[in-house]
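Scroll down for the structure; my scribbles are underneath it.
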Amino acid sequence: MRRYIYIIIGVMALSLIGCSVQYKFNMSSIDYSKVKTIQISDFPIRSSYVWGPMGPMFNNALKDKFADHTKLSQVKRNGDLKIEGEITNYSQRNKSVSAEGYSAQTELAITVNVRFTNNTNHKEDFERQFTAASTYETTQSLTSVQEQLVTEMVKDIVDQIFNATVANW
């Protein structure tokens, strides 16, 4: 009887070792048999208010997102997918007022206009604006919080663009 138990345990152990299921979720729903390349143009800043590092920060983050989360090769021209556009707004405004009547919070916002072209399925083409905003206490200076807030907003907008273009969910 003991011998049969050892045999059963051995067979179960071998079947568990021999069989494994792997699932990798890369956050995209791309048909790699049709789509192999992506062209991501640099987005110029077309806003009247500008913070210099924002342009390269956004462009690098967008390209990195697609490099890290897809198997698409990035090309300079003639990509199966094409993303282009411009940063159209970078602004701040008073968000709330204190009991004394002074500004208590300021909202910083970025808007990016995106033109997406899917050369394998033009039904998915679009032009759309994506916006992200962050609030900071008016007791802080913009220069002391700007880099952190812009980094967060750029990440948010890049995620929105990624989801709208290749995540399809």
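Being surrounded by 17 or more Cβ atoms within 10 Å (Cβ to Cβ) and more than 19 Å from Gln129 (Cα to Cα) is the filter here, so list the residues in region 96-113 that pass it.
Thr106
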When region 131-163 is examined, which residues are found to be outside any helix (DSSP H, G or I) and open to solvent by 10 Å² or more (accessible area, probe 1.4 Å)?
Thr131, Ala133, Ser134, Thr135, Tyr136, Glu137, Thr138, Thr139, Gln140, Ser141
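A quick yes/no check of all residues on (1) part of a loop (DSSP other than H, G, I, E, B); (2) at pLDDT below 95; (3) among the acidic types (Asp, Glu):
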| residue | (1), (2), (3) |
| --- | --- |
| Glu84 | no, no, yes |
| Ile87 | no, no, no |
| Tyr90 | no, no, no |
| Arg93 | no, yes, no |
| Ala99 | yes, yes, no |
| Thr106 | no, yes, no |
| Ala109 | no, no, no |
| Val114 | no, no, no |
| Thr117 | no, no, no |
Under 8 Å between Cβ atoms, at least 6 apart or on separate chains: pull out the pairs that start in region 139-163 with a residue that is closer than 29 Å to Val97 by Cβ and end on any residue that is open to solvent by 30 Å² or more (accessible area, probe 1.4 Å) and of a type in the set (Val, Ile, Thr).
Ile157/Thr131
Exactly one condition in (1) part of a loop (DSSP other than H, G, I, E, B); (2) at pLDDT 95 or above; (3) within 20 Å of Asn163 (Cβ to Cβ) is false for Ile30; which is it?
(2)
Only residues that are more than 24 Å from Val145 (Cβ to Cβ), touching a residue at least 12 places away in the same chain (Cβ under 8 Å) and within 15 Å of the chain's Cα centre (by Cα): list them for region 43-71, please.
Lys63, Phe66, His69, Thr70
Please enumerate the residues belonging to region 41-66 that are under 15 Å from Met153 (Cα atoms), among the basic types (Lys, Arg) and open to solvent by 80 Å² or more (accessible area, probe 1.4 Å).
none
Of the criteria (1) of a type outside the set (S, T, N, Q); (2) modelled with pLDDT under 95; (3) part of a loop (DSSP other than H, G, I, E, B), which one Lys76 fails:
(2)
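The values are calculated or read from the model by the stated rules, or taken from the named source; none is laboratory data. Nothing here was measured: the structure is a model prediction, and the numbers come from that model. So basically every Cβ, Gly included, is an ideal-geometry build from the backbone, and we count neighbours across all protein chains shown. Protein only, heavy atoms only, side chains kept; ligands, DNA and RNA dropped before computing areas. Shrake-Rupley method; radii C 1.70, N 1.55, O 1.52, S 1.80 Å.
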